[in-house]
1. So, in the range 175-206, exactly how many residues are of a type in the set (S, T, N, Q) and either in contact with a helix residue (DSSP H, G or I) (Cβ under 6 Å, 6 or more places away or on another chain) or in contact (Cβ under 8 Å) with a residue 40 or more places away in the chain (or both)?
2. Do the conditions hold for GLY12, that is, is it touching a helix residue (DSSP H, G or I) at 6+ places or on another chain (Cβ under 7 Å) and at pLDDT 95 or above?
3. Go through the range 45-69 and give me each residue that's surrounded by 17 or more Cβ atoms within 10 Å (Cβ to Cβ) and under 18 Å from the mean Cα position of the chain (by Cα).
4. Quick check: anything in the range 20-40 of a type in the set (Lys, Arg), surrounded by 15 or more Cβ atoms within 10 Å (Cβ to Cβ) and either within 24 Å of LEU136 (Cα to Cα) or in contact with an Asp or Glu (Cβ under 8 Å, 6 or more places away or on another chain) (or both)?
5. I'd like the full set of residues that are over 22 Å from GLN106 (Cα atoms) and in a loop (DSSP other than H, G, I, E, B), limited to the range 20-43.
6. Can you name every residue in the range 91-115 that is touching a residue at least 12 places away in the same chain (Cβ under 8 Å), more than 23 Å from VAL184 (Cβ to Cβ) and either of a type in the set (S, T, N, Q) or assigned to a helix (DSSP H, G or I) (or both)?
7. Checking the structure you have, find out if any residue of the range 82-90 is surrounded by 15 or more Cβ atoms within 10 Å (Cβ to Cβ), in a strand (DSSP E or B), over 15 Å from the mean Cα position of the chain (by Cα) and not acidic (Asp, Glu).
8. So, in the range 56-72, exactly how many residues are of a type in the set (A, V, I, L, M, F, W, C), assigned to a helix (DSSP H, G or I) and either at pLDDT below 95 or closer than 26 Å to ALA15 by Cβ (or both)?
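The values are calculated or read from the model by the stated rules, or taken from the named source; none is laboratory data. Keep in mind that what you see is a predicted model, and the values were worked out from it rather than measured. We place every Cβ from the backbone using ideal geometry, glycine too, and count neighbours over all the protein chains shown.
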Amino acid sequence: MSSGRFITLEGGEGAGKSTQVAYLVAFLKSRGIQAVATREVGGAPGAEDIRQLWLSKPQGYWDPLTEVFLIMAARREHVKKTILPALEAGIWVISDRYIDSTRAYQGIGLGLGIDKIDSIYHQIAGDFWPDMTLLLDLPVATGLARMAARSGKTDRYEQQDTSFHETLRHAYLKLAASEHSRFVTIDAACDAATVRAHIEKAVGNLIEAA
């Protein structure tokens, strides 16, 4: 049995990651490929427990490094209990956020530095990285407008000011430029159907190479 592939979707608020994760899982299944959707922070029972603790406090409650350790602890559970077992069973795993969110948000956005984030990540996951990362990129103003149109409570990052979101966008683009062999940048300002088509084309290439 061949091993599965690990694909992550990244991007700022309002980029439509959750919607596209569901579309991508359906696309893979239509191609006869077993696939599962997951998310971070979370994706395994212990990781979901940590998520609830993390979200129970307002933005700024946790020291940035403390926040990273919480997220990395959840990621360790996610990798060990969900991602690796699925990949070993030949199942493709599609995750709404992964390590690049931590690199962008805490590493650059909160100033800890990417090198520090990567060093901690290596301790919990070794040399394991996604096979492909789809960066859903869109102007901050567009993402904020989409967020404003949603109903329900905003999360800790959605409550940040515009300058923080601009920093995050540039952080993601910097990561994508430095690791172009893993990243595929998708224009998420398009309608969902167009974004879906671009994602399916990129993932189709990965299928052909598998």
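1. Of the residues in the range 175-206, 1 are of a type in the set (S, T, N, Q) and either in contact with a helix residue (DSSP H, G or I) (Cβ under 6 Å, 6 or more places away or on another chain) or in contact (Cβ under 8 Å) with a residue 40 or more places away in the chain (or both).
2. Values: touching a helix residue (DSSP H, G or I) at 6+ places or on another chain (Cβ under 7 Å): yes; at pLDDT 95 or above: no.
So GLY12 fails the test.
3. Let us first name the residues in the range 45-69 that are surrounded by 17 or more Cβ atoms within 10 Å (Cβ to Cβ), namely 47, 50-51, 54, 62, 67-68.
If the condition is that a residue be surrounded by 17 or more Cβ atoms within 10 Å (Cβ to Cβ) and under 18 Å from the mean Cα position of the chain (by Cα), then ALA47, ILE50, ARG51, TRP54, GLU67, VAL68 are the ones that fit.
4. Step one: of the range 20-40, the residues of a type in the set (Lys, Arg) are 29, 31, 39.
Checking which are surrounded by 15 or more Cβ atoms within 10 Å (Cβ to Cβ) leaves us with 39.
Within this subset, residues satisfying the condition of being either within 24 Å of LEU136 (Cα to Cα) or in contact with an Asp or Glu (Cβ under 8 Å, 6 or more places away or on another chain) (or both) are 39.
Yes: the range 20-40 contains one or more residues that are of a type in the set (Lys, Arg), surrounded by 15 or more Cβ atoms within 10 Å (Cβ to Cβ) and either within 24 Å of LEU136 (Cα to Cα) or in contact with an Asp or Glu (Cβ under 8 Å, 6 or more places away or on another chain) (or both).
5. Taking the range 20-43 as the starting set, the residues that turn out to be over 22 Å from GLN106 (Cα atoms) are 20-37.
ARG31, GLY32, ILE33, GLN34, listed by residue number.
6. Matches in the range 91-115: GLN106 only.
7. no
8. 4
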